[in-house]
Each structure stands twice: as structure tokens, then as C-alpha cells.
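Here's the structure, in C-alpha cells; my notes come after.
The values are calculated or read from the model by the stated rules, or taken from the named source; none is laboratory data. Just so we're clear, the structure is a prediction, and the values are computed from it rather than from any experiment. Glycine gets a Cβ as well: all are built from the backbone with ideal geometry, and neighbour counts include every protein chain shown. Protein only, heavy atoms only, side chains kept; ligands, DNA and RNA dropped before computing areas. Shrake-Rupley method; radii C 1.70, N 1.55, O 1.52, S 1.80 Å.
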Amino acid sequence: LTSEVLAAMSTLERYNLVDDAWNAVVAGTLEATEYMQMLEHFRGEDQFGVWQSIAIGLRGVRRLLDEDEAAVAGFRAQVIALVGPALEALGEPTAGEPDLTAKLRGLLLRVMAIQGGDADARRRAREYYAEWERDPASVDAELASAATAVIAATGNAEDYERMLQRALHGATPQEQLRHLYSLAEFDDAALVARTCELALSGDVKTQNAPFLLRGCIGNRRFGSEAWAFVRQHWSEINDRFPRNTIVRMIETVTLLDRPSEVADVQGFFSEHGIPQAAKTLEQHLERQRVNAKVRERNEGQLKATLAG
């Protein structure tokens, strides 16, 4: 595979290539290090759909690194080298540009700031968000959404308070939901715990609360603690939330892929079924076991390669 070969492919072919490659990592027929090497050929990519698939794979790789500082630094350097040129080429929004161009700019800003840890991208996100707070109409909607996600993933307690107020008292339902679900992304154990408590308070509608908890369980660093909260409040959750949301709430347990987490989740559901969605629950548990194998196969080599 070379950059010349990629240039001759259609957008759909490139999308399928990236998608199939990450699925091959999951299936155990491609190593995560090989996947990262393949992505280097996509530095000239300019299509939103392809970048969506790349972003999914990058999030998956990042989860395997935990807090290994050297490996994370190596990963971030690769992300910046991959995403930076594409984001710079887009520039600022222009009147009449295609919707997919705006979507791509927002996506790349997210990836650059969150996965790449790029200081300039994080600064730009804060500037966009501050401008949106002053005048929502002055900021492109995709950039406003991306900026919200970036601040949530990288912010502090003060940022959390600002977003909480928007979640509870935002001007539109869309604004409220965007900020509500962003609360689950904060990289702070106390704030994730607070968000879990919020989901069971009267401040969050029961139709939204399960999805807020789903986001907390999917939190990269503190998902295990959020799962412990859900497990502890299982009876209350089943009594309060719509029956058809319960299995959707716990679908992010698939991301809890360390041996102790797998044993805990699998053991819990061997005693606590979800009768209204038994097959879907079985699929979630199977996917968790698959993800645990992905970590087992790739974690050590990936960390060593990126750290080197």
C-alpha cells in the first residue's frame, strides 16, 4: 500500500479500507502498530467519511495506551502529523461552503485537540466557544459543537460548571442536550462521579439520563467507576428509566476491557439479566470479551513501538 495507490482509489474504497483495517485489528488479523503505519498514507485525505473512519480507529488505539506517558506522546505526535495538514488546509469557514466541509473541519479540530493533544487546537476551541457564548450566531455550528467536546475532554471544574448551567438552562433543547452529554467526557474522577449522580437526580429527564450514564461508562479513564455506580444503583435505575433504554445504557461496557473489568461485568450480568433485550445484552458481553482480546494482543507492542 502506497500513497499513489490510495490516490487512485475512490472515496468509498478508501473509507472501506480504513474501516476494514480497524475491524481486522479487532479480529486479530492486523496488529494495531500496522494500522497506525497504514494511516500515515492518509495525510492528504480530504473527505469527511474517510476521516470519520480514521477517527474511530484513533480513539480505539488511544484507549489501549492508558496513561503511559511515553507512548501517549508518540501517539500524539503521529496524530498531529496526520491531521494537522488537513485541518490547516481547510482554513476558517467561508460563506456557501459545502456542509461536509464544515463537518470535516469540526471533526478534525476534535481529533487534533483531544487525540493529538495539540495546544493550538485546544486554544482555538476555547476561542470558538467563548465567541459562541457571546453570540451563538457568529460561530459555525460544527465548530461550536467541536469546541464544546474539546473543552469537556480537556477542561476543569470551572468549565464543568459552565457546561452544567448550559445543560440545565440552555436556550434550546439541542444546546441543552449537547452540553448534558458532554458532562460525561470530563477527565476527572470527581466530575464523572458528579455526572452519574446528576443522572439520577430530578434535573435530568428519565429519557435522557440512561444515555448520560452510557457516556460516563464510556469515559476513557473513569468508565470503570461509572459502571460501579450503575451496578450499585441497578434496582433504582430499572425502576425509574424506560425499559427499552436499559440495554442501550450499558452498551459502553464493551469498552471496559481490562481483565478485572471483564470479570466484574460478566459476573454481574450472569446474575442480573435484561429480559426485554436478552440477545442484545449477550452481544454486548461478547463484544466486551472481543475488546479484551484486542487489548491482550496489542497493548504491550503498541506502547513499546509508540514510546520508541
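General observations
- Cα-derived Rg over Rh, computed across the range 93-205 with Rh taken as Kirkwood radius: 0.98
- Long hydrophobic helices in the chain: the complete DSSP H runs spanning 30 Å or more by Cα along their own axis with mean Kyte-Doolittle hydropathy of at least 0.0 are 69-90.
- Separation between Cα centres of the range 153-203 and the range 37-73, rounded to whole Å: 27
- Accessible area per residue (1.4 Å probe, heavy atoms of protein chains only) ranks S53, S145 as S145, S53, with the largest value leading.
- Estimated vicinal HN-Hα couplings, Hz - the range 40-47 in sequence order (Karplus 6.51, -1.76, 1.60; Gly, Pro = x): 4, 7, 9, 5, x, 5, 9, 10
- Calculated SAXS-style log₁₀ I(q)/I(0) at q = 0.08, 0.12 Å⁻¹ - the chain, Debye, Cα scatterers: -0.38, -0.88
- Here K205 is the anchor, and no lysines lie within straight C-alpha reach of less than 25 Å, apart from those fewer than 8 places off in the same chain.
- When each of the peptides 119-128, 163-172, 178-187 is scored by the mean number of other C-beta atoms lying within 10 Å of its residues, the order from highest to lowest reads 178-187, 119-128, 163-172.
- Per-residue surface analysis assigns D203 an accessible area of about 100 Å², computed on protein heavy atoms at 1.4 Å probe radius.
- The chain, helix-only ellipticity at 222 nm - DSSP H runs n ≥ 4, -39,500 (n - 2.57), divided by all residues, nearest 500: -23000 deg cm²/dmol
- For the range 230-308, the per residue solvent-accessible surface stands at 54 Å², with DNA, RNA and ligands left out and a 1.4 Å probe.
- When a 1.4 Å probe is rolled over the protein heavy atoms, the share of accessible surface on the chain that falls to carbon and sulfur comes to 49 percent.
- Expressed as a whole percent, the proportion of Cα-Cα pairs in the range 149-308 lying more than 22 Å apart is 45%.
- Per residue, the range 20-114 exposes 43 Å² of accessible surface when a 1.4 Å probe is rolled over the protein heavy atoms with every protein chain present.
- Judged by the ratio a/c of the largest to the smallest principal axis of the C-alpha gyration tensor, the range 155-241 counts as oblate, that ratio being 1.5 or greater while a/b is no larger than b/c.
- Here the Debye sum runs over all C-alpha atoms of the range 20-139 as equal scatterers in vacuum, and log10 of I(q)/I(0) at q = 0.10, 0.11 Å⁻¹ comes out as -0.34, -0.40.
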